[in-house]
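K.L.:
Below: one structure in structure tokens.
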Amino acid sequence: MEPVLDAFATGRTAVIAETSTRVLLDLLGWRGRILRSSLLSARPGRSLRLADLAAATGARAYLCGTGGLTYLDPDPFAARNIAVASFRPPTTGIWSTARRLSALWALASLGPDTLASRLRAVADDHAVLRATAPELRSSETSV
């Protein structure tokens, strides 16, 4: 966690957020590619910007939390053939209080291997849902 502590010395929230995210993903063994939205072309406005960023990354679905669904306009996504899917964390076990916790709490409580395993299980469950849920279907939709 030393890199995260060092990031606090910068006094910049964006640096702290990026560093802590990278450390967390590294601890979980995630090997994807991180893109900065500032380097991608996107229009202003919440929903337009999110739809543009999703399209720029090749997304075919946008996973949105319940809070974001209250203001998200699905039309810019539909115009780009990007499905909007609501995300609700599982309601059992460690996830029962997930809306009030951070990923760092889960990391500290479970350790990186167990947390990574549980997150993969949730992702696998969502893959099954994605294959069967009509609101997530579009032409050859995949995330």
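K.L.:
Could you tell me whether the stretch 63-78 includes any residue that is within 30 Å of VAL4 (Cα to Cα), in contact with a Phe, Trp or Tyr (Cβ under 6 Å, 6 or more places away or on another chain) and modelled with pLDDT of 80 or more?
P.N.:
yes
K.L.:
Please pick out the residue among ALA42, ALA59, ALA103, ALA9 that is at pLDDT 90 or above and under 15 Å from the mean Cα position of the chain (by Cα).
P.N.:
The match here is ALA59.
K.L.:
To continue, here is another question. Among the residues of the stretch 24-77, count how many are touching a helix residue (DSSP H, G or I) at 6+ places or on another chain (Cβ under 6 Å), among the aromatic types (Phe, Trp, Tyr) and open to solvent by 30 Å² or more (accessible area, probe 1.4 Å).
P.N.:
Adding up the residues that qualify gives 1.
The values are calculated or read from the model by the stated rules, or taken from the named source; none is laboratory data. In this text the structure is predicted, and so the values were computed from the model without any measurement. FYI the Cβ positions are ideal-geometry reconstructions off the backbone, even for glycines, and counts take in every protein chain you see. Heads up: the accessible areas ignore ligands, DNA and RNA and are worked out on the full protein's heavy atoms, side chains in. Shrake-Rupley method; radii C 1.70, N 1.55, O 1.52, S 1.80 Å.
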